[in-house]
Each structure stands twice: as structure tokens, then as C-alpha cells.
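What follows is one structure encoded as C-alpha cells, with my remarks underneath.
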Amino acid sequence: MKVYKTSEIRNVALIGGAKSGKTTMAEAMLLEGKTINRKGTIEDKNTASDYKTIEQEREHSVHSALLHTFYDNKKINLLDVPGFADYVGETIAALNVADTAMLLVNAQAGVEATTETAWRQTVAANSPVVFVMNQIDHHTANFDDAVNSIKDYFGDKVTIVQYPVNAGEDFDTIIDLVLMKQMKYKKGGGEPEVSDIPESEMAKAEELHLKLIENAAEGDEALMEKYFENDTLTIEEMREGLRLGLITRAIFPVMVSSAKHGIGVARLLDFISKSCPAPDDMPARKATNGKEFHCSVEEPVALFIFKTSIEQHLGEVSFFKVYGGEISEGLDLINPRTGNKERITQLFVLNGKNRDKVEKAVAGDIVSTIKLKDVQTGDSLCDPKNAEAGFELFALPNPLYTVAIKAVNSADDEKLGALLNEMHKTDPSLGIEFSRELKQLLIKSQGEFHINTVKWYLTKANGLEVEIFVPKVPYRETITKIADASYRHKKQSGGSGQFGEVHMRIQPYVEDYKKPTDFPVRGTEEHDLPWGGKLIFNNCIVGGAIDARFMPAIMKGIMERMTEGPLTGSYARDIIVYVYDGKMHPVDSNEISFKLAGRNAFSMAFKDAGPKIMEPVYDVEIIVPEDMMGAVMTDLQGRRGMIMGMGSKGKNQIIRAKVPGAEMARYATSLSSITSGRGVFSMAFDQYQQVPSDVQEKLLKEYEASQDEED
Ligand SMILES: Nc1nc2c(ncn2[C@@H]2O[C@H](COP(=O)(O)OP(=O)(O)OP(=O)(O)O)[C@@H](O)[C@H]2O)c(=O)[nH]1
Ligand SMILES: [Mg+2]
């Protein structure tokens, strides 16, 4: 394959509403550039992009695919991402390396919930956005309504660059407002027949053309001056204005297409080639050592791995964008994360599962390689002379939906762990964690749909039977009042016996707590507990009632009980202990005896000290359309949520609330069903709070029942 220069490369992410036609569009673009010679369809399960079994079975995209096509002496790299919201991690990764986002909108529906999800990611990534109004050939397509909906949601920088003359089943003709021409396509695609705009369309076309010129000029002062001087812009100036406006998000052009019939596709490629930024037009990417990379071949070699996938016959494939220099086979690079050397042994470009070997990849290009030793998504590989110039990983989405998982057959535990780790590698937005506290294997995901995909891989692709359930809540235990207890541990069975007696007081820890006055405090140890909160241990022994050498054993006994609280076996926290008296035996006292005495005295005191169960409470922020506020608030009250504030954000309302974690387990699914997918939320741990007494009763009973079962 010819080596394309940086200026001849375009990196485009096809993002947008679920089922808006991204994969079909990628297919049409590949056909136009002749990188495939027959167009596959979703229904025939033979597209270049949706080539994985799960995608063919479900008839929608699950993984992003890297593809490429050619047009106008440009190599156009396409990242076709899945549109369902649970796979948002793929959109984030694609936008991190793409220089333009083509955001497809289904012209039948206008802005959908998933269109908003995709848009939000472009805001976060600061990506140039071109809207593509697709499915114009559908009999219910309505271009004007759909454009109005995107203007409504995304503002008046949304600018019409094309409009359809005959939307609906006979759709084949487009008016292009940059070229000021009419374009008529054949079903199946190819180059359009270009003609003058007919009289009947002239008034509308001129009005929209003027608006386009104004918006295109706005991004650049020099262009604005030219526009004032000449009252218009040339096609070249307009292209320049579009490119600059795209980069600064000062303009969001709207194009039209029928990906299904290839209508508008050739001109879309032409637009990408002539008006969308090349990699070196984009702002520099800063490495962690401060060095800036401008996608220039003159810079030292640096590449960034944005995606990892496991492919049949190939194993692990690393997808990367080159940010500096040129890469060819045999090159040795350094991974700044590990400090290790990695050799590029093979370079290739992909069209879905088909791969073509390439000799060289220049700065700006996106290609892939295999057989790297120890890399993961988010790693960089750098010139050994510039080995610290790695890039930061993009921000992964916050987990919204956590489940616990186990293999039905415990002999499969190891296999389950290995498969989940592999899945995390190819989808870093899936968090895998074994909670030692809960003794459960947890998967942190974006929603039920995401988890169903995990389940599909485990069960259908790997024949592993698994059970998925709501994870336990990491409760805490604490006390609310002062209590005293003493315990004597005594054992006499032949030989040497055991003896230890401990008197202690426990007190709730609060910041300005008062020390007791009925005995002196001689030594204080303050422990910050690994699970949060404090344990303060005071030695108040006078007159040598207990030897100082037994104090650590008493402390150990208390700590044992703190790790398995007396109420429900959860961690205990925020307790002050005073050991103020006790007894020793000249022969039988030893560490074991004092450990047991300390533990049991602590348990007894704990039960008399107004013990309480505490639960994690989360700060939750929910964004919903106004008319769904009522339903969302009612639901929150049912979850013991405390509303902390409300506000508006564009057309949406924001609700901030504190909600117990126990009530948030399936919130992703509930919110989605209450709001038809339009509501989004984020949550972050806030603090531990005491549970209401009815909840405490219930938890105590549940724990007792579970203990009985174990007995
Ligand atoms: N009528 C019509 N149907 C289309 C068009 N483009 C795609 N479709 C159909 O819409 C459905 C979804 O198309 P896809 O290409 O899978 O859409 P997608 O955006 O890739 O979907 P996800 O990856 O699942 O988000 C399929 O049945 C396509 O045949 C179009 O331009 N016109
Ligand atoms: Mg798709």
C-alpha cells in the first residue's frame, strides 16, 4: 500500500445514535473507496465492521472497529463505534484519537437519548463534529424536524451544509450549499451527477448558503474581513472556514445521506477530504513530561495505544495512533509505564477482520500491531531517546452498575478470573475486582446491557456457567454511647493453664470527644483503619494490674473483632477503647489469654454501647428532561434518597441527591426505564451513615439467619 503523508490522512470516528446507521455508513464508505467490492448489510451479517459473532447474532455493534478507505488521494481511517449507551467506553476511546467525529442522526427520530450520549462525549473530548442526517430514504424521515431537534439540543452553531430535495423512499437528490450545486445519486452510490440548483430551490438554497458563509467566516478574523470586503467567500475560503470552525467547535455542519443506498456518501468523503482537519491541523497532544506532539514526522517517535482486541488467529492486537515520527517494522521502542523495550514486528491496517500489511506508518496515522510483550490500552511507546514522553489514558466512564459473579462450578473459578481479566483488557470500562471485604468477585460496568455482553462471552463463547447477582453492601458497625465490660479468660487443663482478665471502656469516636476522668490515660495509639474511620487504643493501667508486654495482645484481640464486627460481621469503626484494669496470673498469663480476654471484653462492651449499622451513602447527580422530573423524584424517595438540590442545564434538569448504596444497585436499569433512556446519572461515594432502625432490624435478622445456615 502507498504510504500516505500526514496531510493526506483523515481520522474519523463514526459515532451517534444507536442503530442510526454507522456500520452501514462505514460499509458504504469502504465500497466508495474500493477497499471492499461488495457492500455487506447488517441483516446479511456480512459487514466489514460487525464481524464478531456476538455482533452478527445481535445485529448491532458491540466493539469499535478500525477500517479505512480512500478518496481524493487521502487515506481515511474510520472508527465505527457501537451506539448503545453501555458501550460508551468505545466512543470515548475512538474520540481520543479521531480528528473528526461524524455524529449520525436517524432522520426518522431526530435527537435520541443515545445521540445525546454521543454528543456529551464530543464535548468532553473537544472533538470537531459533523452531523450526518442519515436514513433520509426512510418514508418517515423528516429532515426539517430532525435538524430543528439538533439545533434545539446542540445550539445555533449547527449549520446546514446540505439538504435533501426529495426525502423519503425516492430520495436521491441533495442540494450542497458549499458547492451551490445539486447532486443526484444513483441507488447504490458512486459519484453524483452534478448540476445547477433548479429555480424552484434557489431562494431556499441562497438563504441557507448565506447562513453557512456567515457561520464559516466566524471562526477566523481574516475570513471575516474577506467576507465583509467581498460580501461572499470562495469555495476554498469556505472550506478553510469550515475546517477552522470544526477544530474550535465554532461550527457543526449538517450533511445528509442514505447509507443504505449509498446516497450522499461520495460527497461525505469529499467533505472529509477537503474540509475536515488532518491530524497535524489539530492542537498538539501533550505527553506527561510536558513535551507536545503535533503529529509531525520530524518529531521523535511516539505512539498511543487506544484499543486492544483479541482476534482469531492473531491473538492480542494493539491499535495505536502515531503522534510523532514514523514507524516501520523492526523498530525498538520503550514503554514508559514499564520501562521495557518493545519491538514492532508487524504493522498492518485493518478493515474489520481483514488485514493488509503496511511498511510504514507516519505521524497521524492509525494502524495496528501484534506480539507486543507487555502493553495495555493507555500505554504509549516512545523513542528510546525520549522514553518519558508517554500520553495519559483518556478518562474512563464512571462505573454505574456493579454486579457480583461466580462460576456455578467452583472448579471454573480460575477460568472465570482469566476470562474476565481478558475482557477488561479489551474493554477497560469494565472493572474487575475481588472484594476481600465482601468475599465477592465484582464487575463494575455501565449497565445491564454491558453485563449481558460479559455473560454472552462467558457462557456462549466459552461455555462457562455463571451466576450473576446483586453484590453485598459493605456495611460498617459502630457504637453510639459509652459502655464498660470486663472479661476473664481462664483455662486449666493439665500442664500450664491460660489466664487473662481485662476491664475496658469503649466510647464513640467523634472529633472533640471527652476523655474519662475516673482513671488516668497513660498511653494512646491512634489507628486510621484501612476501611475508613478510627480506632483509638488507650492504656490506662495503674499499679501494674496488666503488664505492658500484654497490651499489644489485647489490642490484637480488639482488632480481630473490629474486622468482623459483632452485629453483622462487617468492619467496625470510630471507637475509642480504654483498658483500665485487669488481672494477671504469675504462671498462666500469656499473650493468647490476653488476646482472647481483650476480644471478648470488646464484644460485650460493644453490644451495650448502642451499636449501629452504617451504610455507604452516595452523592448522585441525575440529568433528566424536564417532563420526567416528577417520576424521577418519586422514585428517588422510594430509594431513601435525600434531595440536596435542583437546577437546570440547557433543556434538562439536574437533581442532586444523597442515596444509600444499597438502593443504587440497579439504578442504571430503573432510570433508563423511567426516562426511556434519556436520563443519565453519575455517583460518587460520600460517607457512611447510620441506617434507619427498621433497616437495622432487617439486617440483623438476615445475618442471624445466615449464621444459622453456616452452623
Ligand atoms: N432505510 C435506511 N436504513 C438504514 C440506513 N442506514 C442503516 N439502516 C438500517 O438501520 C439498521 C441499523 O444500522 P447499523 O448500520 O447497524 O446502525 P449502527 O448505527 O451501526 O448501529 P449500532 O452500531 O448498533 O449503534 C439496519 O437495519 C440498517 O439496515 C439508511 O440510510 N436507510
Ligand atoms: Mg454499528
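Ile15 meets the conditions (1) in a strand (DSSP E or B); (2) within 8 Å of ligand 1 (Cβ to nearest atom); (3) β-branched (Val, Ile, Thr) in every case but one. The failed one is (2). One residue stands out among those in the range 67-83 that are more than 9 Å from ligand 1 (Cβ to nearest atom) and either surrounded by fewer than 24 Cβ atoms within 10 Å (Cβ to Cβ) or of a type in the set (D, E, K, R) (or both): the one that is farthest from Glu116 (Cα to Cα), which is Asn73. Screening the range 437-507 for strands (runs of 3 or more DSSP E) wholly inside it with 3 or more residues that are open to solvent by 20 Å² or more (accessible area, probe 1.4 Å), within 26 Å of Met559 (Cβ to Cβ) and in contact with a strand residue (DSSP E or B) (Cβ under 6 Å, 6 or more places away or on another chain) returns the ranges 483-491.
Here the strands (runs of 3 or more DSSP E) wholly within the range 158-249 that include at least 2 residues being surrounded by 20 or more Cβ atoms within 10 Å (Cβ to Cβ) are 158-160, 162-164, 173-176. Identify, from the list Phe320, Phe293, Phe348, Phe271, the residue that is of a type in the set (A, V, I, L, M, F, W, C) and assigned by TED's automatic domain parsing to the domain that holds Ala26. Exactly one of Phe320, Phe293, Phe348, Phe271 is of a type in the set (A, V, I, L, M, F, W, C) and assigned by TED's automatic domain parsing to the domain that holds Ala26, namely Phe271.
On the stretch given as the range 675-690, residues that are open to solvent by less than 40 Å² (accessible area, probe 1.4 Å) and either among the aromatic types (Phe, Trp, Tyr) or at pLDDT 95 or above (or both) total 2. Does Gly324 meet the test of being open to solvent by less than 20 Å² (accessible area, probe 1.4 Å), farther than 30 Å from Lys39 by Cβ and out of contact with any Asp or Glu (no Cβ under 6 Å at 6 or more places or on another chain)? Taking the combined requirement at face value, the residue does not satisfy it.
Restricted to the range 517-530, and to residues that are over 17 Å from Phe602 (Cβ atoms) and assigned to a loop (DSSP other than H, G, I, E, B), which residue is least open to solvent (accessible area, probe 1.4 Å)? Per the stated criteria, the residue is Phe519. Kindly establish whether Thr24 is in a helix (DSSP H, G or I), open to solvent by 30 Å² or more (accessible area, probe 1.4 Å) and near ligand 1 (Cβ under 7 Å from one of its atoms). Yes; evaluated as a whole, the condition is true for this residue.
Remark: Lys5 matches the filter, which requires a residue to be surrounded by fewer than 21 Cβ atoms within 10 Å (Cβ to Cβ), modelled with pLDDT of 95 or more and more than 14 Å from ligand 1 (Cβ to nearest atom). Does Ala146 satisfy being hydrophobic (A, V, I, L, M, F, W, C) and open to solvent by 10 Å² or more (accessible area, probe 1.4 Å)? Criteria not met by Ala146. Please list, ordered by first then second residue, the pairs with beta carbon atoms under 6 Å, 6 or more apart or interchain, first in the range 252-264 and part of a strand (DSSP E or B), second near ligand 1 (Cβ under 8 Å from one of its atoms). Every condition considered, the pairs that remain are Val256/Ile136; Ser258/Ile136; Ser258/Asp137.
Return the residue satisfying two criteria in turn: it lies in the range 27-66 and is of a type in the set (Val, Ile, Thr) and farther than 21 Å from Glu448 by Cα, and of such residues it is nearest to ligand 1 (Cβ to nearest atom). Out of the qualifying residues, it is Ile42. Exactly one residue among Ala665, Ala609 is over 30 Å from Ser496 (Cβ atoms), open to solvent by less than 30 Å² (accessible area, probe 1.4 Å), out of contact with any Lys or Arg (no Cβ under 9 Å at 6 or more places or on another chain) and touching a residue at least 12 places away in the same chain (Cβ under 8 Å), and that residue is Ala665.
On the basis of being within 9 Å of ligand 2 (Cβ to nearest atom) and touching a Phe, Trp or Tyr at 6+ places or on another chain (Cβ under 7 Å), does Ala18 make the cut? Criteria met by Ala18. Per the listing Leu212, Leu177, the residue uniquely within 29 Å of Leu244 (Cβ to Cβ) and in contact with a Ser or Thr (Cβ under 6 Å, 6 or more places away or on another chain) is Leu212.
The listed residues are His424, His489, and the only one of them that is of a type outside the set (Gly, Ala, Ser) and outside the structural domain of Asp581 (by TED's automatic domain parsing) turns out to be His424. The condition of being surrounded by fewer than 20 Cβ atoms within 10 Å (Cβ to Cβ) and either basic (Lys, Arg) or touching a strand residue (DSSP E or B) at 6+ places or on another chain (Cβ under 7 Å) (or both) does not hold for Ala395.
The values are calculated or read from the model by the stated rules, or taken from the named source; none is laboratory data. Bear in mind the structure is a predicted one, so any value in this text is a computation, not a measurement. Cβ coordinates were reconstructed from backbone atoms using ideal geometry, including for glycine residues, and neighbour counts include every protein chain displayed. Please note that ligands, DNA and RNA were not included when accessible areas were found on the heavy atoms of the full protein model with its side chains. Shrake-Rupley method; radii C 1.70, N 1.55, O 1.52, S 1.80 Å.
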